[in-house]
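Working notes for the structure below.
The values are calculated or read from the model by the stated rules, or taken from the named source; none is laboratory data. This is a predicted model, so every value here is computed, not measured. Cβ coordinates were reconstructed from backbone atoms using ideal geometry, including for glycine residues, and neighbour counts include every protein chain displayed. Note: accessible area is taken over every heavy atom of the protein model, side chains too, but ligands, DNA and RNA are not part of it. Shrake-Rupley method; radii C 1.70, N 1.55, O 1.52, S 1.80 Å.
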Amino acid sequence: MSLTKIEDLPTVYDAKETEESIYKFWEENEFFKADAKSPKKPYSIVIPPPNVTGVLHMGHALDETLQDILVRYHRMSGYETLWVPGTDHAGLATQNVVEKQLMKEGLTRNDLGREKFLERTWKWTNDHKSAILDQMKRLGASFDRSRERFTFDKGCSEAVKEVFVTLYNKGLIYKGAYIVNWCPRCQSAISDVETEYETEQGHLWEISYPLKGESGAIIVATTRPETIFGDVAIAVHPSDHKYSELIGKTVVIPLTGREIPIIADEYVDKTFGTGAVKITPAHDPNDFEVGKRHGFNPIWVIDEKGCMKACGEVPSNLHGLDRYEARKQIIKMLEDNHSLLRVKEHEHNVGKCQRCGTTIEPLLSEQWFVKMKPLAEEAIKAVKDGRIKFIPERWEKNYLGWMENIRDWCISRQIWWGHQIPAYYHKTTGEMVVAKENPDPENYVQETDCLDTWFSSGLWPFSTMGFPNAETDDYKKFYPTSTLVTGFDIIFFWVARMITMGLEFTGKAPFSTVYIHGLIRDEKGQKMSKSKGNTIDPVVIIDKYGCDALRFTMTSLCTYGGQDIKISDERFEYGRNFANKIWNASRFVLMNLDGVDNNDIDFSNLTIADKWILDKLNSVAKEVNTNIENYRIGETAHTLYDFFWNSYCDWYVEIAKVQLQDSSLKLNTQRVLRYVLDMSLRLLHPIMPHITERVWQLIPKQTEFKAIMLADYPVFKNSLEFPAEAREMELVFETIKSLRNVRQSFNIPMSLNFNIIIHASADEKPVFEAIENYIKRMARVEGISYAEVSDVPAKKSATAVVSASKIVIPLENLIDFNAEIARQEKKLNKLQTERKSLEGRVNNPKFAANAPAELIKQTKERIDEILVQENAINDFIATLKA
RNA sequence: GGGUGUUUAGCUCAGUUGGUAGAGCGUCUCCCUUACAAGGAGAGGGUCGGGGGUUCAAGUCCCUCAACACCCACCA
């Protein structure tokens, strides 16, 4: 890196310039590359692969930042760290994109045919495959691009085939006809988790089915009258007296006249609708079960496009009609026929395709399923026995609840873009073979269905490490992975399946911790979505505020409970301002390091301020390590912000300005300034990688590290503990603060330096003497003299009680003495209130009996302290009034 | 119907073994004090959703009610 002259550094931090050059510096030096042969202990994360069709959004920004923080922290903490990047082929999503392109050309995928369509989709994919990962570079992501993977690459295909064939051979994958969620737009089955329910205002139609051969009818309530042609029976509850006479009789379907029986089934709810249900096994999951129980053959009346089927069961005028159009027509026909008795408003939930929002059609069809129950057992156990831990813990319950009631997973999709199911059918006999390769391409054709895209993502933690080959260096070194970072919205889609598959195929939990963070929402708490137009583009934020500002702001908003995060554009000013603070404080330090040597701090020549900041830094290092280890990332950000801004900048740097004037202290002060800056930057680096690297490269020092990202992460050290001095510094702060308060209260201009008299207690006097220079400079004090605590303070003075001492500021005619009396009385009041409350406690015998001795001691000490201060204030007031 | 989360300063939210509340922004004063006005100094502001309980002591634990958000299930 080129070392810019300190004096040339701009006074405003230039994020753009910094981020570009710094990221390039890391990449060119291959600092992100992990070494599978390293003797260091491993830490690994696999990225939740973003869709190839995806564009970087705030959710990624948060997810990737958190991963990068963990990765950078562990890298600096001595782990051989690997972060595997990659993308997901996103079956349906990608297919839709390419189909849309074709549509513009007036083509459909069928015009091209499977092979040509795949060729085209591959081309599109190859053009876009890495775009989103390139965008993630803007986030500072330190993933190892040399290991970039794709869920549809060769290795992943191998893994998919291995897993599919094995599960099939174990009887855990089966093919069968079941009701699935069918998306008429995507023209494919989708899984249960891909179906989202929305409450809609609909209707409940009551339709009369006349009895065959006698008068009377049974009235059935339905929300979907268009399915009546697929009815195979009317069901009533066996114990429903209303209908007991009718069970076993035959009714006639209105409009077509087909005859169906009335049956009894426990499934029916006597209290809902009319208590009689039409049974349509081909188009309703519950009806399918009922139909199966009673041995009915399903009748299809709606096709894959959501249109009425052109079959004998459906009146010919409805053939090919869209389901909703057909519904209208049927209502009319039923009305004309006097079969429609009543229409009621009815609120109900309607399933929608997660991807396109189309109302799903429950459709009986032949699909492939994974038998989940047996697989789930181990996945439940692994979480229960702690092999896998969820952070925050409450998601465990969520996960377990789902796993314990898991249903089979429909994995086949009627699409072309994806892992084609490795099943082969004999061209003439139809015999099916499931195998990794076609046993005989002459005579066998492959199953046309593809797998759910989550099938391959479910293998991600080990397919990226070389599986099915368990002997690769990466697999041996980095599998199982350490932490999985993701949002709660894909626990079922992805996390649960990785756990299941990982345990089944590698015998190990694919990761030990699942760190679940909240979702990013807009300032009103609404989900961000393109359709709502409330999205915030991370790239825009980075351009405007800088990547580190984005990262810091988001990180600071993360809570341990994983609450959702509300953001708005202006929020990022927080991070930007902090970055600028770091920049300017660093500039100050760098500008004041002239003549400094390469030696470490001389511990025999430390001032109490030096000791205080070192002690503080030390405890911050301890806290930060603990917090990161425990996924308290937000607290980490707050701790570092507070330390750097409030302790280092506001106090230590100001004090250092005093010490730098003293030739006996200058050199060591420079070393302390440099050391604390260095360590602060290291502590901050995982959260704000660019600015810390940039500044760190400018610090003149001897170090074996080429970059801050490779430097040791600061940890707690006994040698940096100075508890006594840290406490003494409180006197400095209190003194200066109260003097500033006096100045403000009486509008004394900064230009006017006043003298003070310190009525110091015996044990505090030496401390005051040691800190005289700080007080003088930071509170603008001209001269300091001393008196006994017991001495009567001068008249016409403002006063401040600090600890056991009092500070008197003779101000002659400068202040309004009535105002000063009021000020003192207010303070007195506050103290008295506190004392009374404390005394009440101490005088309570139960408190004395039950409270810890240490607390009782502290309380008593505080009371004594207050009494001393109260007396002092009373003295002042008396003097003023005299 | 089942479950989870939220309710703390004007706004957005922190607050890990129970010991009388914090930050950022905003507000009010003052200040361009040679790192930083994206800054510095000072100030004001809360009966921690309501009610009850346990305890010497509750924002923190228990019960209950209310409002809001989300998840799961899905009765035609």
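Some notes on this structure:
- Residue list for region A:786-815, filter: touching a helix residue (DSSP H, G or I) at 6+ places or on another chain (Cβ under 9 Å) and in a loop (DSSP other than H, G, I, E, B): A:VAL789, A:VAL792, A:PRO793, A:ALA794, A:LYS795, A:LYS796, A:SER803, A:ALA804, A:LEU811, A:ILE815
- Looking only at region A:194-214, and only at residues there that are within 11 Å of RNA strand B (Cβ to nearest atom) and surrounded by 21 or more Cβ atoms within 10 Å (Cβ to Cβ), the one that is nearest to A:SER244 (Cα to Cα): A:ILE207
- Sole exception among (1) of a type outside the set (Asp, Glu); (2) open to solvent by 60 Å² or more (accessible area, probe 1.4 Å); (3) within 8 Å of RNA strand B (Cβ to nearest atom); (4) assigned to a helix (DSSP H, G or I) for A:GLN563, by number: (4)
- Residue within region A:547-554 that is at pLDDT below 95 and of a type in the set (Gly, Ala, Ser) present: no
- Among residues of region A:177-193, those that are more than 15 Å from RNA strand B (Cβ to nearest atom) and either of a type in the set (Asp, Glu) or open to solvent by 30 Å² or more (accessible area, probe 1.4 Å) (or both), counted: 3
- Selected residue (only one of A:LEU70, A:LEU102, A:LEU66, A:LEU92 is part of a helix (DSSP H, G or I), within 30 Å of A:TRP454 (Cα to Cα) and within 16 Å of RNA strand B (Cβ to nearest atom)): A:LEU66
- Within region A:836-863, the only residue that satisfies the criterion of being touching a residue at least 24 places away in the same chain (Cβ under 8 Å) and within 8 Å of RNA strand B (Cβ to nearest atom) is A:LEU838.
- Residue within region A:44-58 that is part of a helix (DSSP H, G or I) and surrounded by fewer than 20 Cβ atoms within 10 Å (Cβ to Cβ) present: no
- Within the set A:ALA235, A:ALA217, the sole residue that is within 15 Å of RNA strand B (Cβ to nearest atom) and either of a type in the set (Asp, Glu) or touching a strand residue (DSSP E or B) at 6+ places or on another chain (Cβ under 7 Å) (or both) turns out to be A:ALA235.
- Tally of residues being assigned to a loop (DSSP other than H, G, I, E, B) and surrounded by 23 or more Cβ atoms within 10 Å (Cβ to Cβ) across region A:468-493: 1
- Of the helices (runs of 4 or more DSSP H) that lie entirely inside region A:597-712, those containing 1 or more residues that are open to solvent by 10 Å² or more (accessible area, probe 1.4 Å), farther than 23 Å from A:VAL767 by Cα and not charged (D, E, K, R) span A:608-629, A:633-641, A:663-684, A:689-698.
To keep it simple, each residue is scored yes or no on (1) more than 8 Å from RNA strand B (Cβ to nearest atom); (2) farther than 28 Å from A:PRO392 by Cα; (3) under 21 Å from the mean Cα position of the chain (by Cα); (4) not in a helix (DSSP H, G or I).
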{"site": "A:ILE541", "(1), (2), (3), (4)": "yes, yes, yes, no"}
{"site": "A:LYS544", "(1), (2), (3), (4)": "yes, yes, no, no"}
{"site": "A:THR553", "(1), (2), (3), (4)": "yes, no, yes, no"}
{"site": "A:ILE582", "(1), (2), (3), (4)": "yes, yes, no, no"}
{"site": "A:ARG587", "(1), (2), (3), (4)": "no, yes, no, no"}
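- Test: residue in region A:246-255 that is open to solvent by 40 Å² or more (accessible area, probe 1.4 Å), within 16 Å of RNA strand B (Cβ to nearest atom) and part of a loop (DSSP other than H, G, I, E, B): yes
- Tally, over region A:262-303, of residues that are among the polar types (S, T, N, Q), open to solvent by 10 Å² or more (accessible area, probe 1.4 Å) and part of a loop (DSSP other than H, G, I, E, B): 3
- Filter result for the condition that a residue is touching a Phe, Trp or Tyr at 6+ places or on another chain (Cβ under 7 Å) and more than 13 Å from RNA strand B (Cβ to nearest atom), over A:LEU880, A:LEU867, A:LEU828: A:LEU880
- Leading residue by the ranking (most open to solvent (accessible area, probe 1.4 Å)) among those in region A:8-43 that are within 16 Å of RNA strand B (Cβ to nearest atom) and of a type in the set (S, T, N, Q): A:THR11
- Taking first residues from region A:643-670 that are at pLDDT 95 or above and partners that are within 8 Å of RNA strand B (Cβ to nearest atom) and in a helix (DSSP H, G or I), the Cβ contacts under 6 Å between residues at least 6 apart in sequence or on separate chains come to A:TRP645/A:LYS581; A:CYS649/A:ALA585.
- A:ASN577 being out of contact with any Lys or Arg (no Cβ under 9 Å at 6 or more places or on another chain), more than 7 Å from RNA strand B (Cβ to nearest atom) and part of a helix (DSSP H, G or I): no
- The one condition from (1) more than 12 Å from RNA strand B (Cβ to nearest atom); (2) open to solvent by less than 70 Å² (accessible area, probe 1.4 Å); (3) modelled with pLDDT of 85 or more that A:PRO793 does not meet is (3).
- Residue check for A:ILE748: out of contact with any Lys or Arg (no Cβ under 8 Å at 6 or more places or on another chain) and in a loop (DSSP other than H, G, I, E, B): yes
- Failed condition for A:TYR786, given (1) hydroxyl-bearing (Ser, Thr, Tyr); (2) more than 23 Å from A:ASN605 (Cβ to Cβ); (3) within 16 Å of RNA strand B (Cβ to nearest atom); (4) at pLDDT 90 or above: (3)
- Only listed residue being buried (at least 24 other Cβ atoms within 10 Å of the Cβ), out of contact with any Asp or Glu (no Cβ under 8 Å at 6 or more places or on another chain) and touching a residue at least 40 places away in the same chain (Cβ under 8 Å), chosen from A:HIS89, A:HIS128: A:HIS89
- Condition check for A:GLU304: in contact with a strand residue (DSSP E or B) (Cβ under 6 Å, 6 or more places away or on another chain), charged (D, E, K, R) and in contact (Cβ under 8 Å) with a residue 60 or more places away in the chain: no
- Tally, over region A:251-274, of residues that are at negative phi, free of Cβ contacts under 8 Å to residues at least 40 places away in the same chain and not aliphatic (A, V, I, L, M): 7
- Selected residue (criterion: most open to solvent (accessible area, probe 1.4 Å)) from residues of region A:131-168 that are more than 21 Å from A:GLY54 (Cβ to Cβ) and of a type in the set (Asp, Glu): A:GLU158
- A search for C-beta distances below 7 Å between a residue of region A:219-243 that is in contact (Cβ under 8 Å) with a residue 60 or more places away in the chain and open to solvent by 10 Å² or more (accessible area, probe 1.4 Å) and any residue that is among the hydroxyl-bearing types (Ser, Thr, Tyr) and more than 10 Å from RNA strand B (Cβ to nearest atom), counting only pairs 6+ apart in sequence or on different chains, returns A:ILE219/A:SER208.
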